[in-house]
Each structure stands twice: as structure tokens, then as C-alpha cells.
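The values are calculated or read from the model by the stated rules, or taken from the named source; none is laboratory data. Computed from a predicted structure; not experimentally measured. Heads up, the Cβs are rebuilt from the backbone with ideal geometry, glycines too, and the neighbour counts pull from every protein chain shown.
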Amino acid sequence: MLAYHAIADLGDDPVLADYSVPPARFAEQLDELSRTGWAFVGLDAVLGALQGGRSLPPRAILLTFDDAYVDLLEAACPVLVERGIPAVVFAVAEHVGGTNVWDRGEGATTLDLLDGAGLQAAFAQGVEVGAHSSTHPSLPDVPAGRLGGELAGAADRLEAIGLPRPRAFCYPYGHWNADVARSARDAGYEVAFTIEWGVVRGDSDPFALPRVEVHAGDTPRRLRLKLALASWPRPAREGLRRLLR
């Protein structure tokens with residue numbers, strides 16, 4: 001599972017510089033993954049493998065995008081459509097058509113988010129829409145009485161704008177705990193994603209699925225290395241990362 005954020009050049013941004021991938025580099029990354037034998041799959045294939053025992057192709061990979069910036073439709077979708085690659089985007093339900101207010105307090109650039117029509121257009125181009133909560137809080141810090149609004153409420157709002165009810169959830173900031181995961185299951189989601197580094201296997205917890213974050217400095221070669229390390233035990237992986245740095 002790959003986790004992208006903005007597909008844009010935000011190299012001067014004090015907060016988002018590392019969480020943006022310029023469009024040309026994004027295309028290079030996908031082409032290198034295809035060239036080296038990775039098989040792009042959609043959410044249906046992943047759910048089938050986790051729930052029904054369906055097999056995935058060797059080196060299967062799912063692309064995900066957090067926050068639903070407008071550049072998903074403007075910059076990423078043309079690259080995906082040209083290559084026939086499916087993906088999933090996680091939208092912040094109460095900020096659809098708004099901006100990344102959760103980042104601006106840290107000094108980040110104001111970025112526009114897709115509105116309902118934009119999300120529907122992305123869906124029509126093979127990007128399934130999942131939920132990224134209602135307001136993008138750190139969910140373990142949310143009182144129990146508000147969790148339903150952040151989880152089930154997000155699905156309700158996205159469905160109300162004409163999208164299929166979300167099947168997948170992504171924890172804001174990757175923050176979660178057992179109570180949050182239980183609430184995601186109770187809200188009707190089938191899977192939930194973290195940003196913990198690793199690979200998804202047949203026995204993976206569907207409400208704690210790991211992803212490999214893609215950063216601005218990830219050349220195609222560096223991204224291949226990150227994917228190779230994702231299957232290593234954590235101590236060995238972290239030791240090699242320190243050595244490489």
C-alpha cells in the first residue's frame with residue numbers, strides 16, 4: 001500500500017514540502033514500479049484477498065491518496081488513467097470543497113480540496129472515495145461521544161453528496177488505538193489504513209493496515225528500496241535506514 005498526499009511541487013512549504021510529489025516524479029515512480037514487476041490493484045481486489053481468500057497477483061500494490069486535494073483530479077488522475085491504474089482517495093467529509101485547515105495552524109500553504117463534483121469526477125476515473133474522518137482530528141484524543149460523528153458521520157456526509165458509501169477509512173495523522181479501530185468497524189467500514197510501515201498479508205488486521213508513505217525525495221530507485229524494506233522485520237529495517245542516512 002502506498003500513501004500519497006499532494007501531487008504537486010511544494011518544495012518551499014515549511015509543513016508540506018515532504019508530503020508532496022511533483023507530477024513528473026509521480027509518473028516516473030509509477031512507470032518504474034510497472035517496469036520492475038509491480039501489479040497495481042484496486043480496493044476490490046484487496047478486500048477480496050482479506051475477506052474471501054481471493055489471491056492477488058505477485059507484488060500487488062494499491063495506491064492511496066490522503067486529504068483529496070484538487071491536484072488529485074488535475075495532476076494525478078491523468079497519469080493514472082493513461083496507465084489504467086486504480087486508486088483510493090480519502091476525503092475529509094466536512095471540508096469537501098474547502099481547504100486544509102488542519103495544516104494551516106502549523107504554517108502550511110492553503111491548498112484547495114476537491115468538492116463533491118470533483119470527487120465524483122475522480123470516482124468516474126477509477127479512484128474510489130474513502131473517508132478521512134469528518135474534521136481531521138487525532139482520533140485517540142476525540143471523546144467517545146464524538147467518535148461516531150468523525151467516523152459514521154463522515155460516511156453519511158460523503159454518501160449524501162452522491163458518492164457510494166465509503167468502504168475504507170484512513171486514520172488522520174495515522175493515529176489510532178483499539179477503541180478507534182472498534183469504532184471504525186462499528187461505523188460500517190470494511191478496512192482502515194494507518195501510516196505504519198509494512199506490507200499487508202492474508203492475516204493482517206483489516207482495521208490496522210500498514211502503508212508505505214511516499215515523500216518528495218523518493219526517486220524511483222529510493223521508492224523501490226522502501227518497498228523492499230517494508231517486508232523486513234522492524235529492527236532490521238530501521239537499522240538499515242539509519243545506516244543509509
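Every residue in the stretch 64-84 that is of a type in the set (A, V, I, L, M) and at negative phi, please. Let's see the steps before the verdict.
We begin by selecting, within the stretch 64-84, every residue of a type in the set (A, V, I, L, M); these are 68, 70, 72-73, 75-76, 79-81.
Of everything in the stretch 64-84, those that are of a type in the set (A, V, I, L, M) and at negative phi turn out to be Val70, Leu72, Leu73, Ala75, Ala76, Val79, Leu80, Val81.
Taking the stretch 88-111 as the range and being small (Gly, Ala, Ser) and more than 17 Å from Glu150 (Cβ to Cβ) as the test, the residues that pass are Gly97, Gly105, Gly107, Ala108. Taking the stretch 226-239 as the range and being surrounded by 14 or more Cβ atoms within 10 Å (Cβ to Cβ), part of a helix (DSSP H, G or I) and not charged (D, E, K, R) as the test, the residues that pass are Leu227, Leu229, Ala230. Here is the figure for the stretch 57-92: residues that are within 16 Å of the chain's Cα centre (by Cα), among the small types (Gly, Ala, Ser) and in a loop (DSSP other than H, G, I, E, B) total 1. Of the residues that make up the stretch 210-231, is at least one over 28 Å from Ala24 (Cα atoms) and in contact with a Leu (Cβ under 9 Å, 6 or more places away or on another chain)? No - not one qualifying residue is present in the stretch 210-231.
Counting only residues that are surrounded by fewer than 16 Cβ atoms within 10 Å (Cβ to Cβ) and within 18 Å of the chain's Cα centre (by Cα), how many does the stretch 186-198 have? Break it down into steps so the answer makes sense when it comes.
Residues of the stretch 186-198 that are surrounded by fewer than 16 Cβ atoms within 10 Å (Cβ to Cβ), as a first pass: 186, 188, 196.
This time we only want the ones that are within 18 Å of the chain's Cα centre (by Cα), so: 196.
Going through the stretch 186-198 one residue at a time, the tally reaches 1.
Among the candidates Arg182, Arg201, Arg242, the residue that is modelled with pLDDT of 95 or more and loosely packed, with under 15 Cβ neighbours inside 10 Å is uniquely Arg182. Applying a threshold of 6 Å to beta carbon distances and a minimum spacing of six or more residues, or different chains, the list of pairs starting in the stretch 51-68 at a residue that is farther than 15 Å from Val21 by Cβ and ending at one that is modelled with pLDDT under 90 and surrounded by 12 or more Cβ atoms within 10 Å (Cβ to Cβ) is empty. Out of (1) modelled with pLDDT of 95 or more; (2) more than 18 Å from the chain's Cα centre (by Cα); (3) exposed (fewer than 15 other Cβ atoms within 10 Å of the Cβ), what's the single condition that is false for Asp156? Every listed condition holds for Asp156 apart from (3). For the stretch 214-225, a residue qualifies if it is surrounded by fewer than 18 Cβ atoms within 10 Å (Cβ to Cβ) and within 27 Å of Ser138 (Cα to Cα), and the qualifying residues are His215, Gly217. Mind checking which residues of the stretch 26-45 are farther than 19 Å from Gln125 by Cα and either under 15 Å from the mean Cα position of the chain (by Cα) or surrounded by 19 or more Cβ atoms within 10 Å (Cβ to Cβ) (or both)? Listed by number, the residues that qualify are Gln29, Leu33. Looking across Ala75, Ala131, one residue alone is touching a Leu at 6+ places or on another chain (Cβ under 7 Å), of a type in the set (Gly, Ala, Ser) and in contact (Cβ under 8 Å) with a residue 40 or more places away in the chain. It is Ala131.
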